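Working notes, beginning with the structure itself.
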Amino acid sequence: MEKRVVFKSAWLPYVLLMPQVAVTAVFFFWPALQAVYFSFQIQDAFGLTTQFVWFQNYAALFSDSHYLSSFRVTAFFSLTVAATGIGISLVLATMADSVVRGALAYKTFLIWPYAVAPAIAGVLWAFIFAPSIGIVTYFLKKFGVDWNWIIDPEQAMLLVVVASVWKQISYNFLFFLAGLQSIPKSLLEAAAIDGAGPFRRFWTIVFPLLSPTTFFLLVMNIIYSFFDTFGVIDATTQGGPGDATKILVYKVYYDGVKAADLGGSSAQSVILMIIVISLTVIQFRYIERRVQY
C-alpha cells in the first residue's frame, strides 16, 4: 500500500517548498531574465549609457564569422567529449566489475579524478603536454611527432578533449559501475550455460539493461561539454590558437568580460540556453524511445 504524507495545515507544504523556490528564482530564473533583457541593449564600455536596439545584437552575431566558427568548434568538441568519455567509462566499469582481487583499490583510483577541479585538470594536462618540458611531448618527439599545441589548432583541440574526458570519466564510471552491479548475475550465468560468449552476453543482456544509465549520462555529458569545460579551456588554451578551441560558453565569457560587449555576450547566453534546452528536449523526445526501463 502506498504511504502518503498528510499535512494538517494547508499552507505548510508551500512553506517547506519556499526555500527551494527562492533559490531557483534568485540564482536561475532571475539571471536568465537579466540576460534576455541585456541582449536587447548596447552599452558603452563603462556601462554609463544604454541604448535599446531590439534584435540588433542577434543579427550581428549571425553575421560574425568568428561566432559561426564557435558553433562548429562546440559541436565537434561536445560530441567528441561525450562519445569518448562514455565509451572509455563503460570499458573501465566493465573491467572493474569483473575484478575480484584488489577491486576496492582499482575503483578508488578511477574515482579520484572526479575530485579535481576543471581548472586544475587543465593545468595538469597542459604541463604533461607542454611543448618544451612535457613528459608526453618528450616521448612524442622520440617517435618523430612535432608536438606544440600552442601554435597547432588540431593539437590544441586534442589537448582540451583529453583533459575534459579525463575529468568526466570518474562521473560516468560511478554510474556505469552501479548499473552493472544491479544486473542479476543469474541472467548472465543462464546465458553462459546456453553457450553465449562474453561479447554476446554483453551486447544482448548487459548493454540493453544499461540503456537508462547510458541515456542519462549522454544528457549529462552533453551539458558538461557545453558548460563545465570552461575551466579546462581557460586554464590551457584560452580559446586559441586563433578560435580553434573557443567553444560557445568561452566566447560568451570572452566577449562579455574581456571585450566588454555586454549586449552581444547576453545575446550569446540566450542562444546558448536555447540550444541546450532544445538538445535536452530532443534527447528525451527521440533517443529515450530506445531506452528499455
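The set of residues in segment 92-122 that are open to solvent by 60 Å² or more (accessible area, probe 1.4 Å), of a type in the set (A, V, I, L, M) and either over 15 Å from TYR171 (Cα atoms) or more than 19 Å from the chain's Cα centre (by Cα) (or both) comprises MET95, VAL100, LEU104, ILE120. In the list ALA115, ALA121, which residue meets the criterion of being closer than 19 Å to SER225 by Cβ and not acidic (Asp, Glu)? Unique residue meeting the criteria: ALA121.
Among the residues examined, TRP203 qualifies as free of Cβ contacts under 8 Å to residues at least 40 places away in the same chain and over 25 Å from PRO131 (Cβ atoms).
Just give me the residues in segment 123-149 being open to solvent by 100 Å² or more (accessible area, probe 1.4 Å) and not hydroxyl-bearing (Ser, Thr, Tyr), in sequence order. Give the derivation first.
Our first condition is that a residue be open to solvent by 100 Å² or more (accessible area, probe 1.4 Å); within segment 123-149, this holds for 127, 132-133, 135, 138-139, 141-143, 146.
Across segment 123-149, the qualifying residues are PHE127, ILE133, ILE135, PHE139, LYS141, LYS142, PHE143, ASP146.
Name the pairs: first residue in segment 36-57 and farther than 18 Å from ALA259 by Cα, second residue assigned to a loop (DSSP other than H, G, I, E, B), Cβ to Cβ under 8 Å, at least 6 apart or on different chains? Final answer for the pair search is PHE52/PHE40; VAL53/PHE40; TRP54/PHE40; PHE55/PHE40.
If you check THR74 against the conditions, is it at pLDDT 90 or above and surrounded by 20 or more Cβ atoms within 10 Å (Cβ to Cβ)? Walk me through how you get there before you give the answer.
Working: at pLDDT 90 or above: yes; surrounded by 20 or more Cβ atoms within 10 Å (Cβ to Cβ): yes.
When the stated conditions are applied, THR74 passes them.
The residues of segment 270-293 that are open to solvent by 50 Å² or more (accessible area, probe 1.4 Å), β-branched (Val, Ile, Thr) and modelled with pLDDT under 75 amount to a single one, ILE287.
Return the residues of segment 148-194 that are in a loop (DSSP other than H, G, I, E, B) and under 29 Å from ALA115 (Cα atoms); say none if nothing qualifies. Let's see the steps before the verdict.
First, the residues of segment 148-194 that are in a loop (DSSP other than H, G, I, E, B): 148-152, 182-184, 194.
Once the filter is applied, which keeps residues that are in a loop (DSSP other than H, G, I, E, B) and under 29 Å from ALA115 (Cα atoms), segment 148-194 yields ASN148, TRP149, ILE150, SER182, ILE183.
The residue list THR80, THR94, THR84 contains one member that is in contact (Cβ under 8 Å) with a residue 40 or more places away in the chain and touching a Leu at 6+ places or on another chain (Cβ under 7 Å), which is THR94.
Scoring TRP54 on the criteria (1) within 30 Å of GLY239 (Cβ to Cβ); (2) open to solvent by 50 Å² or more (accessible area, probe 1.4 Å); (3) assigned to a helix (DSSP H, G or I) leaves a single failure, condition (3). Criterion applied to ALA35, ALA83, ALA96 was being over 26 Å from LEU272 (Cβ atoms) and assigned to a helix (DSSP H, G or I), and the one residue passing it is ALA96.
Looking at (1) more than 18 Å from the chain's Cα centre (by Cα); (2) under 28 Å from ILE120 (Cα atoms); (3) assigned to a helix (DSSP H, G or I), can you tell me which one ALA260 breaks? Exception for ALA260: condition (3).
Give me the residue from segment 224-243 that is among the hydroxyl-bearing types (Ser, Thr, Tyr) and within 10 Å of the chain's Cα centre (by Cα) and, out of that set, nearest to PHE76 (Cα to Cα).
Residues of segment 224-243 that are among the hydroxyl-bearing types (Ser, Thr, Tyr), as a first pass: 224-225, 229, 236-237.
Checking the rest, the ones that are also within 10 Å of the chain's Cα centre (by Cα) come to 224-225, 229.
Values: TYR224: 14, SER225: 10, THR229: 14 Å.
Here the residue is SER225.
Would you be able to say whether some residue in segment 79-92 is more than 27 Å from TYR250 (Cα to Cα), touching a Phe, Trp or Tyr at 6+ places or on another chain (Cβ under 8 Å) and of a type outside the set (S, T, N, Q)? I'd like the intermediate steps shown before the answer.
Within segment 79-92, the subset more than 27 Å from TYR250 (Cα to Cα) is 90-92.
Next, from what is left, pick out any that are touching a Phe, Trp or Tyr at 6+ places or on another chain (Cβ under 8 Å): 90, 92.
Narrowing further to those that are of a type outside the set (S, T, N, Q): 90, 92.
Looking for residues that are more than 27 Å from TYR250 (Cα to Cα), touching a Phe, Trp or Tyr at 6+ places or on another chain (Cβ under 8 Å) and of a type outside the set (S, T, N, Q), one finds at least one in segment 79-92, hence yes.
One residue alone among ALA235, ALA267 is under 25 Å from GLY122 (Cα atoms), at pLDDT 85 or above, open to solvent by less than 60 Å² (accessible area, probe 1.4 Å) and of a type in the set (A, V, I, L, M, F, W, C), and that residue is ALA235. Out of all the residues in segment 126-143, is one or more in contact (Cβ under 8 Å) with a residue 12 or more places away in the chain, hydrophobic (A, V, I, L, M, F, W, C) and not in a loop (DSSP other than H, G, I, E, B)? The answer is yes; a qualifying residue exists.
The values are calculated or read from the model by the stated rules, or taken from the named source; none is laboratory data. Here the structure is a predicted model, which means the values were calculated and not measured. We place every Cβ from the backbone using ideal geometry, glycine too, and count neighbours over all the protein chains shown. Note: areas computed on protein heavy atoms with side chains; ligands, DNA, RNA excluded. Shrake-Rupley method; radii C 1.70, N 1.55, O 1.52, S 1.80 Å.
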